[in-house]
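Visitor: I have a structure here, written as structure tokens, and I will follow up with some questions on it.
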Amino acid sequence: QQVAEKAAALLAESAPSCKDIRVGRKRKVVALFGPPGAGKTTAAAKIAAGFSLKRGHRIVWVTTDDQHVGALDQSRAFAEIIGVPLEIAHTEKEMGNLLERHADARLVLIDPPGCGAGQTSEGERQQRLFQAAGVHEVQLVIDSLTGLDHMLDIIDASAGLPERRLLFTKLDQTARPGAILSAAIDSGIPGSYFTVGSRVPGQIEA
């Protein structure tokens, strides 16, 4: 028991500090980034629900997904459940226009299509959209069932994005969570949230 406690303490010292999303007086723009199937849309819905239903903040959810069949319908269903407006932006101009329309929003969540580590052109497109939106921080959404090497590939692919955080999904399905800790320590990027189920709202932990 003493050895286990000492090992846990040493690992905790090695891991970066954790930083969840904080909304102050000024508007915060947060984007999600990650591979297809990682759970970005569900994570975005959970975050939106937390800030809208529990804290009463004015939220705008922006989807930029023009690639996957059914993605818009899923986002609309979540937005209706939560009671937040859903906007669509596929270009930098559309992004700028919708931000002007929602100047009073305290939190803007940008939910793009999945982008794998090798999808360079899509990654560059998303980076341009994030720049047009003035993104303050990016949640790197990583499936907890993913192997460590692939986790690190995703993290490397996001190197040009601002103020990254690690958001791990499907933790409830993970029997071997060591890769999560290794990815955090190796990258030095702060963690933000775990999702521990698919229900919206709820089942997300800082």
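Visitor: What per residue convex hull volume, in Å³, do the alpha-carbon atoms of segment 16-74 yield?
Guide: Numbers: hull volume 6.8 nm³, N = 59.
Taking only Cα atoms, segment 16-74 has a hull volume of 115 Å³ per residue.
Visitor: Once neighbouring chains are kept in place and the probe is 1.4 Å, which whole percent of the accessible area of segment 60-206 is contributed by carbon and sulfur? Each step should come with its number before you reach the end.
Guide: Working: 3290 of 6810 Å².
Carbon and sulfur: 48 percent of the exposed surface of segment 60-206.
Visitor: What is the log10 of I(q)/I(0) for segment 147-206, computed with the Debye formula using one identical point scatterer on each Cα and no solvent, at q = 0.22 Å⁻¹?
Guide: -0.94
Visitor: In whole Hz, what ³J(HN,Hα) sequence does segment 191-200 give by Karplus (6.51, -1.76, 1.60; θ = phi - 60°), x for Gly and Pro?
Guide: x, 10, 9, 10, 9, 10, x, 9, 5, 10
Visitor: Same structure, new question: If r is the Cβ-Cβ distance from Glu13 to Thr91 and R0 is 35 Å, what FRET efficiency results, to the nearest 0.05?
Guide: Calculated transfer efficiency: 0.20.
Visitor: Among His136, Leu107, Ser121, whose Cα sits farthest toward the positive end of the charge dipole of segment 77-200 (+1 at Cβ of Lys/Arg, -1 at Cβ of Asp/Glu, about the Cα centre)?
Guide: Going by the Cα projections, it comes out as Leu107.
Visitor: What is the set of long-range amide H partners of Arg164 at a cut-off below 5 Å, with H atoms built 1.01 Å from backbone N?
Guide: Correct list: Val138.
Visitor: Considering only protein heavy atoms, what per residue accessible area in square angstrom results for segment 1-154 with a 1.4 angstrom probe?
Guide: 50
Visitor: Report, in debye and to the nearest 20, how large the dipole of segment 41-102 comes out about its Cα centre when Lys and Arg carry +1 and Asp and Glu carry -1 on their Cβ.
Guide: Value, rounded to 20: 420 debye.
Visitor: Can you give the convex hull volume per residue for the Cα atoms of segment 54-124, as a whole number of Å³?
Guide: Considering the Cα atoms of segment 54-124, their hull volume per residue is 104 Å³.
Visitor: What percent of all Cα-Cα pairs in segment 96-206 falls into each 5 Å bin, going from 0 up to the bin containing the maximum distance?
Guide: Final binned percentages: 2, 10, 20, 21, 19, 16, 8, 3, 1, 0.
Visitor: Using Cα-only point scatterers and the Debye equation, what is log10 of I(q)/I(0) for the chain at each q in 0.16, 0.18 Å⁻¹, rounded to two decimals?
Guide: -1.03, -1.31
Visitor: So what are the radius of gyration and Dmax for the Cα set of segment 5-109, in Å?
Guide: Rg and Dmax of segment 5-109, Cα atoms, are 16.4, 53 Å.
Visitor: Sort out for me the Cα centre separation of segment 148-165 from segment 1-64, rounded to whole Å.
Guide: Segment 148-165 and segment 1-64 have Cα centres separated by 15 Å.
Visitor: Let me ask another. Identify, among Gln2, His57, Ala44, the residue whose Cα sits farthest towards the positive end of the charge dipole of segment 1-155, taking +1 on the Cβ of Lys and Arg and -1 on the Cβ of Asp and Glu, with the dipole about the Cα centre.
Guide: With unit charges placed on the Cβ atoms, the residue in question is His57.
Visitor: Still on this structure, please answer the following. Note down the Stokes-Einstein diffusion coefficient of segment 114-161 in µm²/s, whole number, using a Kirkwood radius over alpha carbon pairs, 25 °C, and 0.890 mPa s.
Guide: The diffusion coefficient I find is 214 µm²/s.
Visitor: Just flag the trypsin sites (Lys or Arg not before Pro) in segment 1-61 sitting in loop per DSSP whose Cβ has no more than 15 other Cβ atoms within 10 Å.
Guide: Hits after loop and neighbour filter: Lys19, Arg22, Arg25, Lys26, Arg55.
Visitor: Taking the Cα centre of the chain as origin, sum charge times position over the Cβ atoms of Lys and Arg (+1) and Asp and Glu (-1), and report the length of that vector in debye to the nearest 20.
Guide: Result for the chain is approximately 840 debye, rounded to the nearest 20.
Visitor: Assigning unit charges at the beta carbon (Lys, Arg +1; Asp, Glu -1) and nothing else, what dipole magnitude in debye, to the nearest 20, does segment 99-191 show about its Cα centre?
Guide: Details: 8 positive and 13 negative charges, 32 e Å.
My answer is approximately 160 debye.
Visitor: Could you name the aspartates and glutamates in cross-link range of Lys170, using Cα to Cα under 15 Å and dropping any fewer than eight places away on the same chain?
Guide: Correct list for Lys170: Asp143, Glu205.
Visitor: I would also like to ask the following. Residues in segment 137-152 near a label at Arg176, defined as backbone nitrogen under 12 Å from the 7 Å Cα→Cβ point?
Guide: 145-149
The values are calculated or read from the model by the stated rules, or taken from the named source; none is laboratory data. Treat the numbers as computed from the prediction; the structure is a model and nothing was measured. Heads up, the Cβs are rebuilt from the backbone with ideal geometry, glycines too, and the neighbour counts pull from every protein chain shown. Please note that ligands, DNA and RNA were not included when accessible areas were found on the heavy atoms of the full protein model with its side chains. Shrake-Rupley method; radii C 1.70, N 1.55, O 1.52, S 1.80 Å.
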